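Colleague: Below: one structure in structure tokens.
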Amino acid sequence: LYQGNESAFVANIKHFHSEYRQSFAVNINRIFFNDYDATWFASLPDQIKFHALIFFLQDGRAHLNDVAVEYELLEHFFGAVKHDNSAIVHAVIEERLLRGNFKDAELWLAGDLSTDGLKLLATLRFLQNRNNEAIEFFNAAIKALKKETGKRNVGIDGLHGYFFNLALLRSRNLNNLLLLKHQAQIAIRQGWQNEFYLLNLILLEAVDIYQGKATAEHSQYLFKTNKFAFERLFHALLLYWIGEIDPMTGNAKNSAFLAELAGFCQQAQRLGYGWYAAVSSSLLQRLDYNNEPCRQIAQQYLQSPFNEIIDLLPQVSAWQRALDALTQLTAQPATSVQKELRLIWSLSLDNNGVFLAPKEQSLGKSGRWTKGRPIALKRLYHDMADFDYLSEQDRRICAHIELEKEPAYYGYSSKEFYALSSQAIIAAVGHPHIYWANEESSNAPVDIRLAAPQLLVKEQQANLHISLIPPITTQKIMAQKTASNGLIVYVINDSHRQVAEILGKNGLIVPATARQQVIDSIASIASMLTVQSDIGGTSSHAISVDADSRLHIHLQPVGQGIQIEMFVQPFSDGGPLYKPGVGGTTVLAEIDGKQLQTNRDFKLENRYLKEALSKCPELYAVKEPKWLLDDAETALEALLHLQELGDFAVLEWPKGKKIQLSREAGLSQAQFSVRKEKDWFSVEGAVQIDDQQVLDMQRLMSLLNTSSGRFLKLEDGQIIALTRELRQRLDDLAGLGDVQKDKVSFHPLAALALDEITNGMKITASKPWKDQLLRLSEMGDLNPKLPSTLQGELRDYQREGFQWMMRLAHWGAGACLADDMGLGKTVQALALILSRAPQGPALILAPTSVCINWLEESQRFAPTLNVHQFGSGDRQDMLDAAGPFDLIVCSYGLLQTEAERLAQKHWHTLVADEAQAIKNALTKRSKAAMALQADFKLITTGTPIENHLGELWNLFNFINPGLLGSLQKFNERYAQAIENQQDQEIQQRLKKLLRPFILRRLKNDVLTELPSRTEVTLHVELSPEERALYEALRRNAMQTMMETTDQPGQKQLKILAEIMKLRRACCHPRLVMEESTMNSAKLQAFEELVDELLDNRHKALVFSQFVGHLKLIRELLDKKGVHYHYLDGSTPVPQRKRAVNLFQAGEGDLFLISLKAGGTGLNLTAADYVIHMDPWWNPAVEDQASDRAHRMGQKRPVTIYRLVAKDTIEDKIVDLHKHKRDLANSLLEGGEVSGKMSVEDMMALIKDID
């Protein structure tokens, strides 16, 4: 610059802009424009001034940056008079064109035959809507570029290149569209360095869609976007022209597509890019996009000629595009000038394999083509754009070139092999320059013909339906040289695939008003396809007969299954077979030497086919009526349905291969008797298959065991078919009862399930069974009244719960009230106790923390009861004196220590509240509960299953002993299949057995007035120091576990201990290292959360399973002066009660609670936030704790936060929640049930975090 060396300056600034684009503007501004010296800048040579400005202008145009100062300087120094330097002239004109200013363009570009001059003149003509002239000037620019560069395969890139493409597209001329694709492919070959790389990929797909050669659903790039201004505008225009703008904007991922375009529109208007502002604003208005600034911009350009580009392509319907595409399939591009080079293909056969080899021929001076020189497939694979003479069909063949690599050995690089796939011959059909090998100079191209499908045109109501028969599928290629030196290829060719794609999966529907267009279109492809049409007439030389429309169903055993294919045979004495309802209506054929014709009744054929499919659901939706049912059960289902179709279907088997299948046996053919044996009921009987065949109970049960479906295979090969209902009932009979050779025994409480199973069968009932059914009927009619001494109004669902419990008590069965937490199970149980109080004493078992609640609620709702807390005073005297109207409340802790005394007393009513406390059959507490005697037992729990089905068995063993059999039998019959195999049928069977004894209502179903509940998981990032500590503990745990040789039970305990350390480390380093000075990221997150809650006057419950963690939280709150209450397992009952009452009365902002001690039985609706400091294994326990706030009486929305240490074992525990969420709901509501955690599962919690 300071040496005045113009050429060196220009070379350096170009290099700088190319290689250091990010820092270019900063540094050039520092030199020229930050402290702009107008006199000094004016004194610089024009070349330097120009190059100091031009790169800013180019970048500003591409990204719609503000370069108003630079443009003003360009106009100031170079805009008044045409400059001698053509580059400067071109830059001025280019900037003006995009700003909608055509000043001096014609004058300054006159006689300019340079590439840049011609492409600017072409762009001017395009913007003036003089399209043909634009194409001429663009083609002249390409010719000039070839001459300037010495290359034959060149294209116009950048914005002007895209204007060229749009001009070609606007012409809709086939040759121009081929040139468009060629231009786009050259640009794509440049890769991402081409500023319109993605847009060119989109353009190619859009053109194919517009031509009907492809569909938007199968596009790869059409709906991909970037955020370049001009790409966004052109992309939106393309989508608008092909009618795909709605799918783009309807996708959530691209919801901002038009909003961003509107932003570009406003930016272009501010910066003076008039063409962009005019077109984008008008397009947005056309699309009814609501944006006021853009609407005002569009008003300003209402009369602008720029807006004509919006209608560059007329929008036509999909069927019209498809018909146009059919017409164009056989059209050959006009060749105005014979090319000097062409590609031919040398053809050879080897063992039915077809091989093509490309050769390049040149046109000699004599007008003859040379023999041709081989062209490497590698060149065509990588550099196809270099061969500008390739026809569209050449390119299609080249698309089948495949690259294969030989594996590398001993460090040597792998070899590459290029070959044409066997599919290439499909693309070669109809190619004019394919010759037999070594006969290329014969000038006799090979005629390649295919075994062609047929095109069917038929009337369909007010439309015409065009379809292919058969539907196109992939087939093996077979080639045969003909006597005429041609080639027959038995395969579906590329043209057929185009037709199939144009017509669509279900064929093409065209308005009947387009009949002539259809005729013209199908006529143009008649050389490629045989056409059957019901538009034409019939032959006068054939005898007309009535058509046979029956279905001929061909059945062929294949392995364990059946192949099924349906046809119609229009001539009853033989002749051709057709797919039902497909093909031409008029059929001509020679039968027994006679020329016959018939008019098929498509309506009747289709009705028969539809009826067959509706009666045979195993026949899934297919393109043509042919099925292979390789599953034996499915095949037999289909055969059974086909046998019942009636006269409109003829079943045809290969000779000697017919399958013997009986007619279905249903419920009415089951004949059973029910009688009483000791305390149980037994079922005996048989199923009548037909007049000659009866299956007794013993044989029936044996056959059921050896078959999983409803088809029972006998020893002689015959197959017995049961209805699904009968098979299900028989499975339930065997599954719910105890099978003993020729009979099945049932628990008396399974009477409801047994009655349901045998409903509809022929039952011989003994008197005890009749009495049992009568008792069940009376129970259903029982309508118990609420006791008048109950103080309080029950909701409707609570009254229903009371009546349900009373009915079960009347029957003598125990009950499980499993209502969602917070629905008032206590008051429902009190209503029951009060109603039964005159007949004898009642015992309540409850966790210590909940006993207080029972005492208070009893005084509130049932003041006539004599309520005693077991434990104070003389316990034996209390038990001895207990009688009618006495209610004793006992903790589970005292149950265990006073088991013997409590078991000696006979209770009239026994309620086990929060009964999950006795879920484990092996504990002393559970065994003590099982020893209690009572006329009626009730358990109340919001979580009847927390971890596995064994817990459910134990609870039912408490209320209805023997109903579920022994634990071993229960596991064999139900638990293993449900938990391990997710067997839905067995799950439903268990549900059916338990349904009478479980009542479960969810809050969302019955408490519509309950406020919303929001759950939020806050992931906490551990500090580097905490992460290092955690990782050290984790690796140590892994090493310890890998080295241990303990037995599985001991190993499980060790793993649990290691897991406990990791969980503590997630909460606070001091929980694993008491002297640690490390801060806790989780405690810090808690502090921030609490500050925000208190600032907004919220109250919160804070749960942790670790009392030590709560201690650290207390230290923090004491330091901050936050008023809180505290409760853990060691808190005395009076103090616990006082803390709850104070908090409910509004005193205190937080309530810190240990999860196990205060997760149940408390009413803390004063809080509207719940914070779980650490995740517990079972989400049901957390849900119970959260429901201390989200329950009846809560008036505000409740938000539940879970603080989870990110990328730790806590994350894994939260993932487990998704699988374990309320096993009771899974069983009761029909979902999936999880099982117990194995040693491997626990190890994975540590391993998987790697």
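Laboratory data are not the source of any read-out in this text; all were calculated from the coordinates shown. Not measured: the values here are computed from a predicted model. We place every Cβ from the backbone using ideal geometry, glycine too, and count neighbours over all the protein chains shown.
Colleague: Using all alpha carbons of segment 1-131, what is the percent of pairwise distances in each 10 Å bin, ordered from the shortest bin to the longest?
Modeller: It works out to 11, 41, 35, 12, 1, in whole percents.
Colleague: Can you check what the net charge comes to around residue 928, using other residues whose Cβ is under 12 Å from the Cβ of residue 928 (Lys, Arg +1; Asp, Glu -1)?
Modeller: Counting the neighbours of residue 928, the net charge comes to +2.
Colleague: Taking the Cβ of each residue in 51, 1123 as the centre, tally the other Cβ atoms inside 10 Å and list the residues starting with the fewest.
Modeller: By the 10 Å Cβ count, ascending: 1123, 51.
Colleague: While we're here: For residue 197, what is the net charge nearby, where nearby means another residue's Cβ is under 12 Å from its Cβ and Lys, Arg count +1, Asp, Glu -1?
Modeller: Local net charge: -1.
Colleague: Let me ask something else. In debye, nearest 20: dipole of segment 30-145 around its Cα centre with unit charges on the Cβ of K, R (+) and D, E (-)?
Modeller: 340
Colleague: Okay, next question. Amide H of residue 1206 versus every other amide H placed in the peptide plane: which residues, excluding those fewer than 5 positions away on the same chain, fall under 5 Å?
Modeller: 1020, 1021, 1022
Colleague: In addition: Among 53-63, 267-277, 104-114, 898-908, how do they line up from the highest to the lowest mean number of other beta-carbon atoms within 10 Å?
Modeller: 267-277, 53-63, 898-908, 104-114
Colleague: In what sequence, highest mean first, do 664-677, 951-964 appear when ranked by Cβ atoms within 10 angstrom?
Modeller: Ranked from most to least packed, the peptides come out as 951-964, 664-677.
Colleague: How far apart, in nm, are the 7 Å Cα→Cβ label points at residue 288 and residue 1123?
Modeller: 5.9
Colleague: Between 0 and 90 degrees, rounded to the nearest ten: what's the tilt of helix 1107-1120 against the longest Cα principal axis of the chain?
Modeller: 70
Colleague: Now for a different question. Would you mind ranking 1107, 457, 69, 739 by Cβ crowding within 10 Å, fewest neighbours first?
Modeller: Listed from fewest to most nearby Cβ atoms, that is 69, 1107, 739, 457.
Colleague: Further question on the same structure: In whole Hz, what ³J(HN,Hα) sequence does segment 783-798 give by Karplus (6.51, -1.76, 1.60; θ = phi - 60°), x for Gly and Pro?
Modeller: Whole-Hz 3J(HN,Hα) from phi for segment 783-798: 10, x, 9, 5, x, 5, 8, 6, 8, x, 9, 7, 5, 4, 5, 6.
Colleague: Rounded, prolate or oblate: pick one for the chain, where a ≥ b ≥ c are the square roots of the eigenvalues of its C-alpha gyration tensor, a/c under 1.5 means rounded, and failing that, prolate if a/b is larger than b/c, else oblate.
Modeller: Cα axes put the chain in the oblate bin.
Colleague: Using unit Cβ charges (K, R positive; D, E negative) and no other charged atoms, how large, in debye to the nearest 20, is the dipole of segment 810-966 about its Cα centre?
Modeller: Magnitude of the dipole: close to 260 debye.
Colleague: Same structure, new question: What ranking, highest mean first, results for peptides 1181-1191, 426-436 when packing means the other Cβ atoms within 10 Å averaged over each residue?
Modeller: 1181-1191, 426-436
Colleague: In whole Hz, with x marking every Gly and Pro, tabulate ³J(HN,Hα) for segment 869-875 from phi via Karplus 6.51 cos²θ - 1.76 cosθ + 1.60, θ = phi - 60°.
Modeller: 9, 5, x, 8, x, 7, 5
Colleague: Please give the charge dipole size of the chain, origin at the Cα centre, charges +1 on K and R Cβ atoms and -1 on D and E Cβ atoms. Round to the nearest 20 debye.
Modeller: 820
Colleague: So which of 147/378; 825/919; 49/147; 825/924 end up more than 21 Å apart by C-alpha?
Modeller: 147/378; 49/147; 825/924, as the Cα separations exceed 21 Å there.
Colleague: Something else: Which whole number of Å³ per residue matches the convex hull of the alpha-carbon atoms in segment 783-1006?
Modeller: 122
Colleague: Also: To make sure I understand, if each residue's beta carbon is the centre and we count other beta carbons within 10 Å, what order do 221, 71 fall in, fewest to most?
Modeller: If I rank by nearby Cβ atoms, fewest first, I get 221, 71.
Colleague: Taking amide H positions as placed in the peptide plane 1.01 Å from N, state which residues far from residue 912 in sequence (5 or more) or on other chains have amide H under 5 Å from it.
Modeller: Counting only residues 5 or more places away or on other chains, the set is 845, 938, 939, 940.
Colleague: Can you give me the angle between helix 46-63 and the longest principal axis of the chain, using Cα atoms only, in degrees from 0 to 90, rounded to the nearest 10?
Modeller: Result, in degrees: 40.
Colleague: Same structure, new question: Note the per residue figure in Å³ for the convex hull of the C-alpha positions in segment 169-261.
Modeller: 95
Colleague: Relative to the longest principal Cα axis of the chain, at what angle does helix 1133-1144 sit, 0 to 90 degrees, rounded to 10?
Modeller: Roughly 40 degrees between the two axes.
Colleague: Also, I was wondering about something else. Dipole of the chain (Lys/Arg Cβ +1, Asp/Glu Cβ -1, origin at the Cα centre): which of 499, 1192, 893 lies farthest to the positive side?
Modeller: 893
Colleague: Between residue 112 and residue 376, how high is the FRET efficiency from 1/(1 + (r/R0)^6) when r is the Cβ-Cβ distance and R₀ = 51 Å? Nearest 0.05.
Modeller: Efficiency, from the Cβ-Cβ distance: 0.80.
Colleague: Subtract the Cα-Cα distance of residue 1025 and residue 688 from 0.36 nm times their separation in residues, and report this length gain in nm to one decimal.
Modeller: 113.6 nm
Colleague: Count the net charge of all other residues whose Cβ sits under 15 Å from the Cβ of residue 312, scoring Lys and Arg as +1 and Asp and Glu as -1.
Modeller: Taking every other residue near residue 312 into account, the sum is +3.
Colleague: Residue by residue, what Karplus-based ³J(HN,Hα) values in Hz, rounded to whole numbers, does segment 291-304 have, using 6.51, -1.76 and 1.60 with θ = phi - 60° and x for Gly and Pro?
Modeller: Whole-Hz 3J(HN,Hα) from phi for segment 291-304: 8, 4, x, 5, 5, 5, 5, 4, 4, 5, 9, 4, 9, 6.
Colleague: Where does the chain land at 222 nm, in deg cm²/dmol rounded to the nearest 500, when only DSSP H runs of n ≥ 4 count, each adding -39500 (n - 2.57), divided by all residues?
Modeller: After summing the helix terms and dividing by residue count, I get -13500 deg cm²/dmol.
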